[in-house]
Amino acid sequence: MESFIQNLVETHSRRPTRLLAILRAVQARYFHIPNQAIRLLSKELNIPTTRIIGVIEFYSFLHLTPRGRYDILISDSITDHMLGKHNLMDYLSNKLSVSPGSVREDGLVSLDNTSCTGMCDQGPAGLINGHAITRLDRPRIDAIAQLIDEQMAVEDWPKEFFEVGDNIYQSDLLLSSRLTAGQGLQSTFARGLKETLSEIDHSGLRGRGGAGFKTAMKWRFCAEESEQERYVVCNADEGEPGTFKDRVLLNSYADQVFEGMTICAALIGAKQGFLYLRGEYLHLYHKLENVLEQRRQSGLLGNNILGKDMNFDIEICLGAGAYICGEESALIESLEGKCGIPRNRPPYPVSQGYLNKPTVVNNVETFVATANIALHGGAWFAAKGTEKSQGTKILSISGDCLRPGIYEYPFGVTIRQILADCGAHDVLGVQIGGPSGTFISNQELDRILGFEDLATGGSFIVFNSTRNILDIVRNFTDFFAHESCGFCTPCRVGTSLLKKQLDKIVDGHGSAGDVVALEELTRLVKNHSHCGLGQTAANPIIHTLERYPDLYQSQLKKISYEPGFDLNASLETARRMANRNDAGAHLAQVEE
Amino acid sequence: MSKTFTLDGKPIPFEDGQTIMQAATAAGVYIPHLCHHPEFTPHGSCKLCNVNVNGRNCSACTFPATEGQDVLSETTEINQDRQKITQMLFVEGNHFCPSCEKSGNCQLQGVAYHLNMLDNHFPHFYAERKMDASHPDVMIDHNRCIFCTLCVRASQQADSKDVFAISGRGINKHLIVNSESGQLKDSDIDAGDRAAHICPTGAILIKRTGYTVPIGQRIYDHKQIDQVSLETEHESHG
Amino acid sequence: MANKIRVATTSLAGCFGCHMSFLDIDERMLQLAEAVEFDRSPITDIEHCTNCDIGLIEGGVCNSENVHVLREFRKNCKTLVAVGACAINGGLPAMRNFIPLEECLTEAYLDGIGVENPQIPSDPELPLLLDKVRPIHEIVKIDYFLPGCPPSADVFWKFLTDLLEGREPSLPYELVHYD
């Protein structure tokens, strides 16, 4: 192990900022991070063991105890559930003789749930040793079980298990763009850097991750910082359940993503860029590395880009299973090899980001848009959309519709139009912008996409009338409790309390004051949490409470109070040990 | 004329670079807090010091003071929320004051008293947490840890060591110790370290010093935490 | 006499320390007796409470009998009060929550030091233990909380006189303590 670790550390130039990548490599080789590796890394990188353990215990894909040699994770997104995930998990669990959350005794296989893997249009999906696997069904599970029994290396499994489709159904400005490598950059230099920033300004482009900060303004702020060492970061930590458009952009439009980053670097004066790729998209890693290499060979990256006095390169950094790293300051912490805990702001990343240097962090789609705006000009982009929301938006559509996949629309499009295009019928509601976004009912289908009405990072999940709203809300609420980084009290404790309180109501143990108590909690978590995760974690409950108050009330018993735990079950140990089963050995949940 | 902002309607002078907390403390106004300590880098995690700045909630300990800010702190609503956040800390861990050596001198308790918290309100988590009594002079009772990171910061910033860290995610967060065994006895901690004395609760205690002060003479028996806090922290901020 | 306030008290998983502290109101008890009469309470030996105005509960819930008594109080008392640390958060008895119940019973009745004739008591007359000791607000709705281990006599006095005189009960800083 010693030589493996030493070589690994050398490969990463002994930089503690590369801790996440190093730990990913150790995990892949030993199926966990052994104690000895922690001690060696501590010595080689000159960082305390506590920092390494802290990182391991923060990220879902890193483990202190061994996982199976075949480590299977099944996506727990609501869309996977709608595609029958629950039954498949049972089937898989039986087939492999391993229960979810555990490692089989022989150490060969482990099974667990994982947050949305971004394959909602081709689920149920999962990850096998980190590689995305799609369209799971019983025959495929049978085949997988057999391959595992035969101990066939995952690399040798049938390729079709790992096929990931783009499923583009509707293209507009960006998806129909035929921009070739270097075109946007050439236009940028030809037009002039300042002039290109003006074009981006005139395009009205706002960040496509969901928050919608004006891109040109962000870049200008960063460029105006006195500190000369600056960075460009592409946020490809696409973790919002139901979002997968960045995966498609990186699969088929990677050159445009990197082009946008390079233009940004030229405009703000950065020499180094990072693509922070969520761990779930490991399957894209080598492809993206190849695109980068081609760009280096074409003079679009590296020294003297396009013969100009510009040096810039891009490094791909993989995440390791943490939704919170989609928050830009948490992402920067993660890039620095630390736990993804959002920073206090101000200072904002544009003035103190990566290594406390000015840093632009933008979404994948934002960079694609800037590459195209650099080529076609701001007016080309601003001609589409609405006055307050210019341009187009790429949506990831999944759930109850005939054609789940990728759709690009000018802002201002109605939800009704989108639903018609994707073949959605008998709609109950739509989750727009993912669990952290907005739930709208079928009474609101004339609302529009745009910052003035329904802002979105791109997730668009359709539910038809066979779906149970409370099941949906519970899935989302569990998600946030699982993904809370735990930094601040209201989110760390509050998201778990929300889960408990919602479970109490949905499981039929709620009584008179329980919905009020739930509302009180949503307010606390929303108003006092440190970052966007906590501030939006209660949205699924808040939005459905607003729209379906009777649904919640109807879950309540007409009594003043009921315990939130199973009273009779809590006597089980004593009952068993005393070998009793008389009437006195049981308790009713509520008084008769 | 120095710059000012208003805190609950009262003008508070500040200097550039000061946080709302620093300026308020220097002006003799208490804002409830647990993870903040004037000697160490602000952390902003307990959220007890959340104040409303121009309509938006911000942590007073990390948010910079700026000219003309309208800050609300001592409103009924904010204090009710602070009480709820304190109650969250009480149900998350296992806080049994009658059996805790820190009782009477505990800031978590002191803040709860100050906010007139009479019960824990939320359902308990019944977290299974351990103790580390391995060290001859210093002990950790994880049941009482609130993840304020004061010990982490004190160890780094005052003791030039790196004895503590917070590990894990979400509700599974826990304090870990930098030693090969993970136990305190094998770490660099010394009973004289700042980190061994900084804990606002009874999670890190010096052995054989408990219950030396009789009930009635302990820090928060008669003085409220606002008064104690201003007396001890005013100088560092002033 | 007819319009005296009826008060019931009980100790669940508690030590009666709160009751002792209540008695520490000393001669004020006479004053209280003019306005209050006691229903079910260790003071009266009444076995079941009926139509009370105020129920004072000491102690948390550790077994099935505690649940039944607590429910009887909730059903019969207009205002139910959690008295003391154990009622509010389980208190010292809840420190057994750190040890699984199975281990507690095994140690106490089967293989602990000095155990003779090892067997788990199984008489149907005996209440069974809950796997965790719980605060009473997790079982029934509670209207007021009086913290302290025990709450001082002044806490009882202040609370009851507030209620008797029609004020919303409140405790000043000096009276709020958790130990």
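When the Cα positions of C:H48, C:G112, C:M20 are compared along the charge dipole of chain C, C:H48 comes out farthest toward the positive end, with charges on each C-beta of Lys, Arg, Asp and Glu.
Evaluated at q = 0.15, 0.18 Å⁻¹, the base-10 log of the normalised Debye intensity for region A:70-161, with identical point scatterers placed on the Cα atoms, takes the values -0.49, -0.72. Label-to-label distance for A:D137 and A:L355 is 5.1 nm, based on points extended 7 Å past Cα in the beta-carbon direction. Pairs of lysine residues in chain C that meet both criteria, 8 or more places apart or on different chains and Cα atoms under 25 Å apart, total 10. What the Cα atoms of region B:82-206 give is an Rg and a Dmax of 14.4, 43 Å. Projecting the Cα positions of A:G458, A:I268, A:C485 onto the charge dipole of chain A (unit charges on Cβ atoms of Lys, Arg, Asp and Glu, taken about the Cα centre) puts A:I268 furthest along the positive direction. When both bridge partners sit in region A:169-383, DSSP labels roughly 10% of those beta bridges antiparallel. The eigenvalues of the Cα gyration tensor, multiplied by 5 and square-rooted, give chain A an equivalent ellipsoid with semi-axes of 40, 30, 23 Å from largest to smallest.
Projecting the Cα atoms of B:C199, A:N251, B:I171 onto the dipole axis of the protein assembly as shown, where Lys and Arg carry +1 and Asp and Glu carry -1 at the beta carbon, places A:N251 farthest toward the positive end. Here the spin labels are modelled as points 7 Å beyond Cα on the Cα-Cβ line, and at A:V590 and B:N79 they lie 3.6 nm apart.
Short-range pairs are left out: with C-alpha atoms under 8 Å and at least six residues apart, the relative contact order of chain A is 13 percent. Computed on protein heavy atoms with a 1.4 Å probe, the accessible areas place A:T456, B:T6 in the order B:T6, A:T456, largest first. Normalised by residue number, the volume inside the convex hull of the Cα atoms of region A:470-555 is 74 Å³ per residue. Once the C-beta distance of A:R345 and B:Q157 is scaled by a Förster radius of 30 Å, the resulting FRET efficiency is 0.90 to the nearest 0.05.
Region A:68-112 and region A:336-396 have Cα centres spaced 37 Å apart. Over its Cα atoms, what ratio of radius of gyration to 2.2 N^0.38 Å does chain B give? Taking N as the residue count of chain B, the ratio is 1.03. Its DSSP H runs of at least 4 residues, each contributing -39,500 (n - 2.57), put the calculated 222 nm mean residue ellipticity of chain A at -12500 deg cm²/dmol, to the nearest 500. Is there a pair in A:K85/B:K173; A:K499/B:K47; A:K338/A:K504; A:K338/B:K207 whose C-alpha atoms are over 32 Å apart, and which pairs would that be? Checking Cα-Cα distances, A:K338/A:K504; A:K338/B:K207 exceed 32 Å.
If only the Cβ of Lys and Arg carry +1 and only the Cβ of Asp and Glu carry -1, the dipole of the protein assembly as shown around its Cα centre is close to 2200 debye.
Rounded to the nearest 20 debye, the dipole size of region C:1-160 about its Cα centre is 760 debye, using +1 on the Cβ of Lys and Arg and -1 on the Cβ of Asp and Glu.
Rounded to the nearest 0.05, the FRET efficiency derived from the C-beta distance between A:T414 and C:T79 at R0 = 60 Å is 0.65. The Rg/Rh ratio of the protein assembly as shown, with Rg taken over Cα atoms and Rh as the Kirkwood radius over Cα pairs, comes to 0.99. Annotation: the antiparallel percentage among DSSP beta bridges lying fully within the protein assembly as shown is about 50. Of the beta bridges in region A:70-161, as assigned by DSSP with both residues counted there, near 55 percent are antiparallel. With a simple spin-label model that places each label point 7 Å from the Cα along the Cα-to-Cβ direction, the separation between A:R403 and A:K388 comes to 3.0 nm. Placing unit charges on the Cβ atoms only, positive for Lys and Arg and negative for Asp and Glu, gives region A:389-467 a dipole magnitude near 140 debye about its Cα centre. Close amide H contacts of B:F63 (hydrogens built in the peptide plane, cut-off under 5 Å, sequence separation of 5 or more or a different chain): B:I20, B:M21.
The values are calculated or read from the model by the stated rules, or taken from the named source; none is laboratory data. The model shown is predicted, which means the values in this text are computed figures rather than measured ones. Reconstructed Cβ throughout: ideal geometry from the backbone, glycine too, with neighbour counts over all protein chains shown. What goes into the accessible areas is simple: the full protein's heavy atoms, side chains included, and nothing from ligands, DNA or RNA. Shrake-Rupley method; radii C 1.70, N 1.55, O 1.52, S 1.80 Å.
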